[in-house]
Every structure is written in C-alpha cells, then in structure tokens.
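The block underneath contains the structure these notes are about, expressed in structure tokens.
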C-alpha cells in the first residue's frame, strides 16, 4: 500500500529529526469503528502531550496534498533596517510581511478544525508547514523562515498573537499551568478556551465534547474539579452564563440552526448548540460586586464510554433560585421589549439572545427566567449593573425545563459621591466616586418571593 503524500512527507520529517515513532490518527485509530474511537479519543491528552513534536499540515486539503507547496521564496525574506527617532538611540528593526503571516500561519484552514484546536494546545512543540513557509512554536520560542532566530514568548508582540492565543491557553507539559489551581484564573482560562473552540468546525458535530476531552482531562487532573458536560462544578453559576456569539455589529443576528436532533449535551451546556459562544468580559474590569443568585443542588451526568470527560447521553441540573414568568414582546433594532411578571421593560442595554432557532414563536412559549449572576462594575459613568439570567421553557407538567436563551438585564445607575456613602459601601476603597445600585437592581428578588427548586434538562 502506498502512503498518501502528506503521510510520506511526515515520515521524511520524522526521519530528518531522528524521531523513530510517528503517530497518525487515521492510521492508529480504526476508521468507522465507534467503539475504538470512544476508547482512543480520551487518550489525546497523553498522545499529543507526550509527543516530541506535532507536525501540522496547515494548508493541506487532505492526505494527498502533502506538506510542501510551490512558492516564491523571495516573498518570505526579511531584512534589517536601522532607524533613528527623536530622543532615542539608533535601533535595528526586522521588516517582514505581517499580513502574509496572518493568513499563512494563524488563519491556515487547519486551525479552524475542532480536533486540531486541542492538538495545538496539548503539544509541547509545533512544526507547521503552510503555503509560504515553515513555522516553529514551543514554550520558549516562536520562529519561522522570515524570522529564523525567532523571539521568546515575551518578545513576540501582537503579530504572533493573531488567532487562538496559545500563550494564554497553552496547556502542554512545557507550559506553566500552576495558575489553574486558582479558581478565578482556571475559570477565565476555560471561558477563553470555550469561546475559541466553539468557533471551530467539526466534521461530525456529535464530537463537540469528545474533541475537547484531552484538554478537559488536563484541567481536571490539575484542579481536581468535576467536569459536567463542558462546564466545571465549582464555577457552574458563572459558566452557565454563556451566550450565542453575535458580535458587536448585529444584535439581531439569527442562529445558524436549531439544536441538533442527535443528543450530545444538556440544553444548559454550550456544547448543545452549533454556533460560537461567548462569555462576558465586563466581570474582569473594575468589579465592585459579584454575586451568584442560584444554588446548585445536584448535577447528574450520564457519560458514554470510559472517562469523566467523554460524550454524554443525558444530563440534569437541579438548582435553587428565583424563577419568574418571562414574556418576550418585540424587538426593534437594538431595543427589546419584554415583560418579567407585571413589569414591562424596554432598554438599549438589555439583551435577550436565543441559543438556537426555535420551532415555535417566542410569544407563544411558556417561558421563565432564572436570574443566575449579578455583576456590578465601574465605568466612566460610575457603575454598570447587570443581572444575567437563563431563559427556560417549561416542559408541560413534568417539572422539567429546557434552556432557550440568555437574558442580560443591565443598566447604568445614578452617580453619587463615595465619601457621602462611606468607604465600605460595596467593599470599594479606591474609587473617589462611583454609582450605587438602586432598588431596581434587586427587582428579581422583590418580584419572585421565595426560592424554588427546579430541574433543567
């Protein structure tokens, strides 16, 4: 049997590097054998994390494309220029084509593949063959033919950070993962990872969780946390606040499609939809107050295959919190009109984002909102307060609910002088002036009365 061109080139590279063993997924995992795939997929952490190097065919369309492409080598040449600036000593600068770098390295077609996302994070070294040139990356150095002597991670600058920020997300043996033991860093790192991974493509959408299982295993081994269908038990209220990513330009952008017919994750998990997802960044700037508004009482996950980060066949989340009737009324551009109980609201700063296309009209659905998290942060207008809640559809008289979207109920408050309220208000000590949440901030609690316990599928 004659090996495809890409495989032959990989063998040649391994031979030149004096590497005796080569692992190729399509050769080492039985193709079209579901049981073998279920057994091998969770081992990716050890396969890629324990490898000497990961050879990446960045622009290959398939196994017959090979690693090497016809090119004009003059286009990758760089040169040194000396420049003088006012009040600065003369310095030398490396001149190269940054635009070509972006399209050739970070935007290579292979980087959009979901399985490759995990491989790039776990591998201690990457040797990528793209259309224009070769690239090398490890925890100590980034180098390419245009930049043969490379730069350390602290010198790489903005250009090398196009696309997935591997410096922030790197998880392989050579990376510093001690910060994962701090829950805040751990959770934010996972949020960033999910945002980038969810934008990748999968040939088989049902691989959504299993294609990330190697990274999840590494997180679990370091933190000791419980993995629950793409989220972490210790930070569930925060991680439940994902939303379908719609960008900044079009808040009316529709979802790609409905939730997949084949079950792959509970509705409260980001892995249940095909669209990219995002998490709020506001919580990490000038925070005055953070508060979870729900209590997780139980999480029941039924996994397929071995391991605690494998695919799931069922999942139920039981929570205690304030549940309130929700009625979506209309949308006009950026503004939405909705009702929580008897309170009709219209606001530019409030958003209701559905997770996926629905088979029935929102106006006719039996919807409820469960406030999950309160965040109050400082801003140029004093403070910005936001209650993030998941919008749920009641499943008849079963007592179960399904998530259908996320509601951000947010607004700016009136400015007051901190000194008039005392330095300990909201635990703030360093602001000369800020804004105090008024009674509207606690509208949910005032309207909802006592807590209830519900189960979300």
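The values are calculated or read from the model by the stated rules, or taken from the named source; none is laboratory data. A quick note: this is a predicted structure, and the numbers were derived from the prediction, not measured. Virtual Cβ from ideal backbone geometry, glycine too; neighbours counted across all protein chains shown.
Overview of values
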read-out	value
Number of the condition not met by residue 13 [criteria: (1) touching a strand residue (DSSP E or B) at 6+ places or on another chain (Cβ under 8 Å); (2) free of Cβ contacts under 8 Å to residues at least 60 places away in the same chain]	(2)
Selection from region 133-152 of residues that are surrounded by 15 or more Cβ atoms within 10 Å (Cβ to Cβ) and farther than 18 Å from residue 69 by Cβ	137, 138, 139, 141, 142, 143, 147, 150, 151
Test: residue in region 280-287 that is touching a strand residue (DSSP E or B) at 6+ places or on another chain (Cβ under 8 Å) and at pLDDT 85 or above	no
Residues within region 380-406 that are modelled with pLDDT under 80, surrounded by 15 or more Cβ atoms within 10 Å (Cβ to Cβ) and out of contact with any helix residue (DSSP H, G or I) (no Cβ under 6 Å at 6 or more places or on another chain), tallied	4
Unmet requirement for residue 196, which otherwise passes all of (1) at pLDDT below 85; (2) out of contact with any strand residue (DSSP E or B) (no Cβ under 9 Å at 6 or more places or on another chain); (3) surrounded by 15 or more Cβ atoms within 10 Å (Cβ to Cβ)	(1)
Strands (runs of 3 or more DSSP E) wholly inside region 21-126 that include at least 1 residues being at pLDDT below 75	79-85, 88-95
Check on residue 53, surrounded by 16 or more Cβ atoms within 10 Å (Cβ to Cβ) and within 31 Å of the chain's Cα centre (by Cα)	yes
